[in-house]
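Chemist: I am attaching a structure below and will ask some questions about it afterwards.
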Amino acid sequence: MNNRILYSMCYDMLEHRHEAYKNGGLAIFSPEALLWVWLAQDRSKTDVRLFFNDFLHNFFLQKNETLVGIVAEEDIAQTCAQMYSFAKNTSYTEKEMLAYFLPKDVVIGAEEQRGLRTAVARDMPIVLEWLKAFYVETLHSSLSQNLTRQDNKSESSMQLYTWNIENFVPVAMGVLSGMGETCRINLVYVAPAFRGKGYGRAIVAALASKARENAQLPVLYTSCDNIIANGLYKSLGFQEAGRLTEIRFNTPTSL
């Protein structure tokens, strides 16, 4: 089950036939979060290098695309990152990520959703500002323009929510994504003026409750060094499912 949790996005996309690059039991693809996620099942480093080389030359370099990042087990992530950085003449940073899931026996009541609202058109200006701030504060990078484009594909599984207080004033946001057995909680952000008031805890609990309504297992990922987030998730009853390495590529340098 832990492997299913670690690679929830990958399983979800493969099961629902999203665009992926597949060969010999290995797969690499781009989820809506714009991180390339690698799925490998006990394959040798040689297998990984051959597959990633095939991917680079027949897909990425041929289309002159730019890779945002890779999420994988540490040795696989580093192997692919070294190959891509050499091919594209770029550098990268890496950090360790923790995967969490909320066990079925942890109780979260329906009342947790009292402030949760599906984001609507009038929320979009503030949501875009929060997205930009989330990327700077949490990922130490700028928001990709791809995330600002509306996704009209019917298979999209992203659902954006806000947490509102009196007079429907939004103070926090979060995203649910996933159409399979698991549902990922992502992009949780609380406006600076409303921090320290319990809204982060409230929206995470509400999103977890919403996922359970759809008979899905709530999962999420966070950086190992994000002490506040890790403490919050554990206090809600989330349990660790394993660790992954996240690679983020810098802007390619000129040759």
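The values are calculated or read from the model by the stated rules, or taken from the named source; none is laboratory data. Small disclaimer: the values here were computed from a predicted structure and weren't measured. We place every Cβ from the backbone using ideal geometry, glycine too, and count neighbours over all the protein chains shown. The protein model used for the area step is the full one, side chains on, heavy atoms only, and it has no ligands, DNA or RNA in it. Shrake-Rupley method; radii C 1.70, N 1.55, O 1.52, S 1.80 Å.
Chemist: At a probe radius of 1.4 Å, what is the per-residue accessible area of Lys45, in Å² to the nearest 10?
Modeler: Only protein atoms counted, so the area is about 120 Å².
Chemist: Only four residue types carry charge here, +1 at the Cβ of Lys and Arg and -1 at the Cβ of Asp and Glu. Report the dipole size of segment 195-255 about the Cα centre in Debye, rounded to the nearest 20.
Modeler: Result for segment 195-255 is approximately 240 debye, rounded to the nearest 20.
Chemist: Another question, then. Work out from phi, with θ = phi - 60° and the Karplus expression 6.51 cos²θ - 1.76 cosθ + 1.60, the ³J(HN,Hα) of each residue of segment 220-233, listed in order in whole Hz, and give x for Gly and Pro.
Modeler: My calculation for segment 220-233 gives 7, 10, 8, 5, 4, 8, 8, 4, 5, 5, 4, x, 4, 5 Hz in order.
Chemist: Okay, next question. Report Phe238's accessible area, 1.4 Å probe, all protein chains in place, as a number in Å² to the nearest 10.
Modeler: 10
Chemist: Determine the gain in length on full extension of the stretch Val120-Ser142; use 0.36 nm per residue of separation and subtract their C-alpha separation, reporting nm with one decimal.
Modeler: Once the chain is fully extended between Val120 and Ser142, it gains 5.5 nm.
Chemist: Sticking with this one: Counting other C-beta atoms within 10 Å, and keeping those with at most 11, which DSSP coil trypsin sites (Lys or Arg not before Pro) do you find in segment 172-204?
Modeler: Numbers: sites: Arg184, Arg195, Lys197, Arg201; in loops: Arg195, Lys197.
When the trypsin sites (Lys or Arg not before Pro) of segment 172-204 are filtered for loop state and at most 11 Cβ neighbours within 10 Å, nothing remains.
Chemist: Using the Karplus equation 6.51 cos²θ - 1.76 cosθ + 1.60 (θ = phi - 60°), what ³J(HN,Hα) coupling, rounded to whole Hz, does each residue of segment 211-216 give in order, writing x for Gly and Pro?
Modeler: After applying 6.51 cos²θ - 1.76 cosθ + 1.60, I find 4, 5, 4, 9, 6, 10 Hz.
Chemist: OK, next. Quick one: go through segment 223-247 and flag any residue whose amide nitrogen is under 14 Å from the point 7 Å out along the Cα-to-Cβ line of Thr93.
Modeler: So the set is 223-226, 246-247.
Chemist: Sticking with this one: Using the Karplus curve 6.51 cos²θ - 1.76 cosθ + 1.60 with θ = phi - 60°, work out ³J(HN,Hα) for each residue of segment 176-193 in order, rounded to whole Hz, and write x for Gly and Pro.
Modeler: 10, 9, x, 10, x, 6, 10, 9, 8, 9, 8, 6, 7, 9, 10, 4, x, 5
Chemist: Another question, then. Would you mind telling me the share, in percent, of accessible area of segment 159-236 contributed by carbon and sulfur at probe 1.4 angstrom?
Modeler: Working: 1740 of 3240 Å².
Looking at segment 159-236 in its full context, I get 54 percent from C and S.
Chemist: Return the long-range amide H neighbours of Val219 (sequence gap of 5 or more, or a different chain), with a cut-off of under 5 Å between placed amide H atoms.
Modeler: Cys183, Arg184, Ile185
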